[in-house]
Amino acid sequence: MEIKISAAILAGGKTQRIHGIHKGELKLPNGEPVIRKLIHAIRQADIHDIIVISDFEEIYRKYHIEVVADQRKQAGPLGSIETALSHFQQKTEATLILPYDMPNLSTEDMVHLKQSFLEDPASLVYAQVEEQQHPLFAIIPNNLLPKVSAFIEKGERKASTVWRTLNGRKLLFKSERAFLSINTPADLDEWLKDAG
C-alpha cells in the first residue's frame, strides 16, 4: 500500500516581524520568497498536498496553497502540529512538518527524512544534528493526533518532549546549516551574508 504524506509549513510564532518585514515575506538574495522556496522543495520531494498553518491568511494566499488557522490558540508549535494532523487525518497517512523560518531546508533534506520515515511508517521521525534536536522538522503519522492532543491538554508545549515520550526516531543530519532558524535581525543578517 502506498503511504501518502502531506506537508504543513508552520508559520506561527511570537516573532512575526524582523526589520519591519513579516517573517512570511522574507526573501532570498535572488528575490524569491523563502516560503515559495520551501513549497518548491516540498513538491520536489514528491509531496503535493501542502498547507500553511497561520493566522495571517492574506500573506500566504498568493502562493496558491491552503492557509489553515490554528485550532487551538496559545499552544505553540505543538498546537500547529495538532491542527495539521487534524486537517490531514482523513486524507493522508502522515504529515511532514517544517517551520517557515528555516530557509536552508532543501529537497534533499526532505527526501532524507521521508525515506527514513517510510522504512518504519508506524513511528514518527525527526531531525537531529550531533546532540542538537530539531523536533519541528519531522514526519508524523496522522493517527498520533489523539496522543498529541492529550499532551497539549496536559499543558505540554515542547515537541521534543512529546516525540521522546512517543518513542520518535531521531534521524541524523550532518550539517547544522540546514536548520538555521531566522528569529532575530542578527539571524537574518548572518543568513543573508552567508546566502549572498
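Looking across Leu136, Leu144, Leu113, Leu98, one residue alone is within 14 Å of the chain's Cα centre (by Cα) and not in a strand (DSSP E or B). It is Leu113. Restricting Ala150, Ala195 to residues that are at pLDDT 95 or above and surrounded by fewer than 18 Cβ atoms within 10 Å (Cβ to Cβ) narrows the list to Ala150.
The criterion of being surrounded by 13 or more Cβ atoms within 10 Å (Cβ to Cβ) and out of contact with any His (no Cβ under 8 Å at 6 or more places or on another chain) holds for Gln133. Against the definition (surrounded by fewer than 16 Cβ atoms within 10 Å (Cβ to Cβ) and either at pLDDT 95 or above or not in a strand (DSSP E or B) (or both)), how does Asn104 come out, yes or no? The answer is no for Asn104.
Filter the range 5-32 for residues that are buried (at least 18 other Cβ atoms within 10 Å of the Cβ) and at pLDDT below 95 and give the result. Of everything in the range 5-32, those that are buried (at least 18 other Cβ atoms within 10 Å of the Cβ) and at pLDDT below 95 turn out to be Ala11, Gly12, Ile18, Lys23, Gly24, Leu26.
Selection of the range 153-179 for residues being in contact (Cβ under 8 Å) with a residue 60 or more places away in the chain and either touching a strand residue (DSSP E or B) at 6+ places or on another chain (Cβ under 7 Å) or surrounded by fewer than 18 Cβ atoms within 10 Å (Cβ to Cβ) (or both) yields Glu156, Arg157, Lys158, Ala159, Phe173, Arg177, Phe179. Among the candidates Ile59, Ile97, the residue that is at pLDDT below 95 and either touching a strand residue (DSSP E or B) at 6+ places or on another chain (Cβ under 9 Å) or within 24 Å of Leu145 (Cβ to Cβ) (or both) is uniquely Ile59. Within the range 153-196, the set of residues being over 18 Å from the mean Cα position of the chain (by Cα) and of a type in the set (A, V, I, L, M) comprises Leu166, Ala186, Leu188, Leu192, Ala195.
The values are calculated or read from the model by the stated rules, or taken from the named source; none is laboratory data. Predicted, not measured: the structure shown is a model, and the values here were computed from it. Please note: Cβ atoms are built from the backbone with ideal geometry, for glycine as well, and neighbour counts cover all protein chains shown.
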